[in-house]
Every structure is written in C-alpha cells, then in structure tokens.
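Heads up: the structure comes next, in structure tokens.
Read the figures in this text as sums done on the coordinates, not as results from a lab. Only a predicted model underlies this, so the values are computations on that prediction, with no experimental measurement involved. Neighbour counts are summed over all protein chains in view; Cβ atoms, including those assigned to glycine, are modelled from backbone coordinates with ideal geometry.
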Amino acid sequence: MRVILDTNVLVSALLAAGSVPAQLLDAWFDGRFTLLTSEEQLEELRRVTRYPRIRAYVDPATAGSLVNDLRHFAELVTHLPRVDVSADPGDNFLLAMAEAGRADYLVTADKRDVLALRRHGVTRIVKARKLLEVIERA
C-alpha cells in the first residue's frame, strides 16, 4: 500500500505521542505501508516545525530526525506534474505527489480543501483514523 501523509498529519504525530497520526508513523516504521514524500513536502515540514507555536512543543532535533527518516526511508517522489485542483494552492503538491507516486491513500486533516475532494485519480483521500482502520484490517 502506497501512502502520503499530509504535513499536518506528520506534525500532529510529533505533537502527540500515541495519537492516531503517531500510530500511522509507527505503522510505517513497522513496514506496514510504503510512505511517499517529496522535496516539496520535506521543505514544508522543515518550515512548519520552525514556527514558534510548533517549536514550543516539538524539539528541533525530533523534527530534524523525522525529516531525515523521511529522506532516507520513505520513497521520494520526483518530477511532480502540475496540478491545480485544491482550493488551497499550497496543497496541490500533495495531489501531484499522489499522481506521480501512484498513491493508494492521501491522509490529511485538511477538511475544507484536500479532504473535501475525497479522491484524486486513483488516490483515496481520507482522515488518519480511516487509514489506521484499513491497516488494522490488513
């Protein structure tokens, strides 16, 4: 199973150990699915985890460790196509990753924009809890 975890899900995993997003990261580390990422997402994750409101709760070394783990162990999707589908243009790179990486699932907490699409090509767009249920059934 090929999965993209939106940056908001990755940050949530860092913020709350034991949360559903953290359980998804654990499932990835356990080899339960292939995680897809891109340079665009790694840069967004680096930028977001430097925000003062995030740094107050997430140690920079922990955030850096996740970025390094993603770079070394996730599948890096390159040559992203141009996609202009999301109401939030900043989220279009996720949909481009889904296309280029042939993702089965895109997991997000972005209810208004990405999640509202429900599907992009062959990729189902779901909340973290839904993917955790899929993994637990497998």
- Query: Do you know the relative contact order of the chain, to the nearest whole percent, from alpha carbon pairs under 8 angstrom that are 6+ apart?
  - Reply: 29
- Query: Nearest 0.05, what FRET efficiency do Ala138 and Arg46 give at R0 = 25 Å with Cβ-Cβ as r?
  - Reply: 0.20
- List His72, His120 from most exposed to least, where exposure is judged by having the fewest other Cβ atoms within 10 Å. His72, His120
- Task: For the chain, build the charge dipole from Cβ charges (+1 Lys, Arg; -1 Asp, Glu) around the Cα centre, then report which of Val126, Ala96, Ala56 sits farthest towards its positive end.
- Result: Val126
- Query: Dipole of region 1-137 (Lys/Arg Cβ +1, Asp/Glu Cβ -1, origin at the Cα centre): which of His79, Val107, Leu45 lies farthest to the positive side?
  - Reply: Val107
- Item | the chain - charge dipole about Cα centre, Lys and Arg +1 at Cβ, Asp and Glu -1, debye rounded to 20 | 320
- Item | Solution diffusion estimate, µm²/s, Stokes-Einstein, the chain, Kirkwood Rh from C-alpha pairs, 10 °C, viscosity 1.306 mPa s | 107
- To the nearest 500 deg cm²/dmol, what mean residue ellipticity at 222 nm is calculated for the chain from DSSP H runs of n ≥ 4 alone, each contributing -39,500 (n - 2.57), summed and divided by the residues? -14500 deg cm²/dmol
- Message: For Arg124, what residues show an amide H to amide H distance below 5 Å, using hydrogens built from the backbone and excluding near sequence neighbours?
- Response: Tyr105, Leu106
